[in-house]
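The structure appears right after this line, and notes come after that.
The values are calculated or read from the model by the stated rules, or taken from the named source; none is laboratory data. Computed from a predicted structure; not experimentally measured. All Cβ positions, even for glycine, are placed from backbone atoms using ideal geometry, and neighbour counts span all protein chains on display. Surface areas here come from the heavy atoms of the whole protein model, side chains and all, with no ligands, DNA or RNA. Shrake-Rupley method; radii C 1.70, N 1.55, O 1.52, S 1.80 Å.
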Amino acid sequence: MKIGIVCYPTFGGSGVMATELGMALADKGHEVHFITYNQPVRLDFLSHNLHFHQVLIEEYPLFQYQPYELALSSKMVEVVQKHQLEVLHVHYAIPHAYAAYMAKQMLKEKGIDIGVVTTLHGTDITLVGSHPTYKTAVEFSINNSDVVTAVSNNLKKTTNQLFNIHKNIEVVYNFIDVEKYNKAKEEECKRVALAKPNEKILTHISNFRPVKRVEDVVRIFYEVQKEIPSKLLMIGEGPERKKAELLAKQLGIKSKVFFLGNSTEIDKILCYSDVFLLPSQTESFGLAALEAMAAKTAVISTNTGGLPEVNINGKTGYLSNLGAIEDMAKNAISILKDNVVLEQFKENAKEHAKNFSLDTIVPVYEDIYKSCYHSEKSVS
Ligand code: GMT
């Protein structure tokens, strides 16, 4: 099929997921067109069936805010027409679902009926989308998509609680390329560069926004390192990074905490990791936790949002209440202090990650695309 994918091209989970999906679809022979303002960070190559169309904004002195939705929907219309796309899959409701609705209406005027699939990722519903500023438009664009998916049962439930949705939301979990993580493990994993043989490695990956509670990460590690010789790797960039760095300094653990910035090689970094820390305020799914699990890493997380659907308490790691730093530290120590226990949790994590494999989830999206593609393409 010919599929247009609209997403944020950044390190956020929705952009990462959309990019992995596009690349997997292209691998399966579909023609995929990314439409966004920058080339997605994980899209490291283009090919005959993997294309990128940049949305450019015209600056004009009158505009205090640039009208991105307008530029995006115009670009969608252009790309759909030029490449005869059959379906548009937009990731993150704001403003993509709204722009897709506008594109669909414009295309209708030209006699083209394009299917629109909207995937809800989390903060587009929980933190931003339900804010009165956006709620009406988000609700409208969800209700007017041909198919709506959510990345967890919890997100589906929350969407139905926060909005008046009169169509079924399909749950399609985020997925992982398990093979990629196997490969990283097989290649030489240079753990020795970061920790001594007797030290354990804890990791956190995020965009360091307030919802990730990166100071909690540092505080949990502070408790852990008192009992377990260990290091903490902090991967990502964002507004809370400075605070976390300062806290590590104040707690006297600066030399044990490494801030590594953004990385496109998460699989290669996670191959060192023993325990992954994700004490988020909320996570609709927690893709970073799934990536860690695929890399055979136990997960210590909060029990918020969709995290219990990914991290199985007492098996792949542990779940705690929001802000329960001591409990999360205690759980991490209980896993790390015994190598047999640690190995069992890591094995379980890897095994459970296979339930979210690319091979299972990508065909679900293919079926969804087929269901909303009108082969005759013209509207009466
Ligand atoms: O979590 C972020 O800060 C990024 C955000 C995004 O939309 O890019 O992630 C959301 O989508 C991911 C992919 O579906 C989910 O795994 C994350 O849990 C979700 N984040 C939140 O719900 C906070």
Exercise. Taking residue 34 as meeting all but one of (1) within 16 Å of the ligand (Cβ to nearest atom); (2) in a loop (DSSP other than H, G, I, E, B), write down the number of the exception.
Key: (2)
Quiz item: When residues of the stretch 267-279 are filtered for being within 16 Å of the ligand (Cβ to nearest atom) and modelled with pLDDT under 95, how many remain?
Solution: 1
Practice problem: Kindly indicate whether residue 277 is in contact with an Asp or Glu (Cβ under 7 Å, 6 or more places away or on another chain) and buried (at least 20 other Cβ atoms within 10 Å of the Cβ). | Solution: no
Exercise. Test residue 96 against the stated conditions and say whether it is within 16 Å of the ligand (Cβ to nearest atom), at pLDDT 95 or above, in a helix (DSSP H, G or I) and crowded, with 24+ Cβ neighbours inside 10 Å.
Key: yes
Exercise. Determine, yes or no, whether residue 245 is in contact with a Leu (Cβ under 8 Å, 6 or more places away or on another chain), closer than 29 Å to residue 128 by Cα, open to solvent by 20 Å² or more (accessible area, probe 1.4 Å) and not assigned by TED's automatic domain parsing to the domain that holds residue 131.
Key: no
Self-check item: Pick from the stretch 40-69, criterion surrounded by 15 or more Cβ atoms within 10 Å (Cβ to Cβ) and part of a loop (DSSP other than H, G, I, E, B), ranking: modelled with the lowest pLDDT
Solution: 42
Self-check item: Evaluation of residue 305 against (1) away from the ligand (no atom under 14 Å from the Cβ); (2) open to solvent by 20 Å² or more (accessible area, probe 1.4 Å); (3) small (Gly, Ala, Ser) (one fails), failing number
Solution: (1)
Quiz item: Could you count how many residues in the stretch 154-183 are in a helix (DSSP H, G or I), in contact (Cβ under 8 Å) with a residue 60 or more places away in the chain and within 13 Å of the ligand (Cβ to nearest atom)?
Solution: 3
Quiz item: Within the stretch 194-214, is even one residue within 22 Å of residue 236 (Cα to Cα), in a helix (DSSP H, G or I), more than 13 Å from the ligand (Cβ to nearest atom) and open to solvent by 50 Å² or more (accessible area, probe 1.4 Å)?
Solution: no
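Within the stretch 220-231, can one find any residue that is within 16 Å of the ligand (Cβ to nearest atom), open to solvent by less than 50 Å² (accessible area, probe 1.4 Å) and polar (S, T, N, Q)?
No, the conditions are met nowhere in the stretch 220-231.
Is it the case that the stretch 46-68 has a residue that's within 16 Å of the ligand (Cβ to nearest atom) and of a type in the set (A, V, I, L, M, F, W, C)? Write out each step before concluding.
Step one: filter the stretch 46-68 for residues within 16 Å of the ligand (Cβ to nearest atom), giving none.
Scanning the stretch 46-68, I find no residue that is within 16 Å of the ligand (Cβ to nearest atom) and of a type in the set (A, V, I, L, M, F, W, C), so the answer is no.
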Quiz item: Pairs under 6 Å by beta carbon, first residue assigned by TED's automatic domain parsing to the domain that holds residue 215 in the stretch 266-287, partner open to solvent by 10 Å² or more (accessible area, probe 1.4 Å) and among the acidic types (Asp, Glu), six or more apart or different chains?
Solution: 266/291; 279/216
Quiz item: Is it the case that residue 298 is open to solvent by less than 30 Å² (accessible area, probe 1.4 Å), away from the ligand (no atom under 16 Å from the Cβ), within 20 Å of residue 173 (Cα to Cα) and at pLDDT 95 or above?
Solution: yes
Quiz item: In the stretch 134-153, how many are under 16 Å from residue 97 (Cα atoms), open to solvent by 50 Å² or more (accessible area, probe 1.4 Å) and within 16 Å of the ligand (Cβ to nearest atom)?
Solution: 1
Exercise. Determine whether the stretch 116-133 contains at least one residue that is open to solvent by less than 60 Å² (accessible area, probe 1.4 Å) and more than 16 Å from the ligand (Cβ to nearest atom).
Key: yes
Quiz prompt | Selection count where residues are in contact with a strand residue (DSSP E or B) (Cβ under 7 Å, 6 or more places away or on another chain) and either among the aromatic types (Phe, Trp, Tyr) or outside any helix (DSSP H, G or I) (or both), scope the stretch 215-227 | solution = 1
Quiz item: On the given criteria, is residue 263 of a type in the set (S, T, N, Q), in the same structural domain as residue 328 (by TED's automatic domain parsing) and closer than 23 Å to residue 353 by Cα?
Solution: yes
Quiz item: Just one of 264, 282 is part of a loop (DSSP other than H, G, I, E, B) and away from the ligand (no atom under 15 Å from the Cβ); which is it?
Solution: 264
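Results for (1) under 14 Å from residue 1 (Cβ atoms); (2) in the same structural domain as residue 148 (by TED's automatic domain parsing); (3) out of contact with any strand residue (DSSP E or B) (no Cβ under 8 Å at 6 or more places or on another chain), shown as yes or no for each residue.
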residue: 29; (1), (2), (3): yes, yes, yes
residue: 33; (1), (2), (3): yes, yes, no
residue: 38; (1), (2), (3): no, yes, no
residue: 46; (1), (2), (3): no, yes, no
residue: 49; (1), (2), (3): yes, yes, no
residue: 53; (1), (2), (3): no, yes, no
residue: 70; (1), (2), (3): no, yes, yes
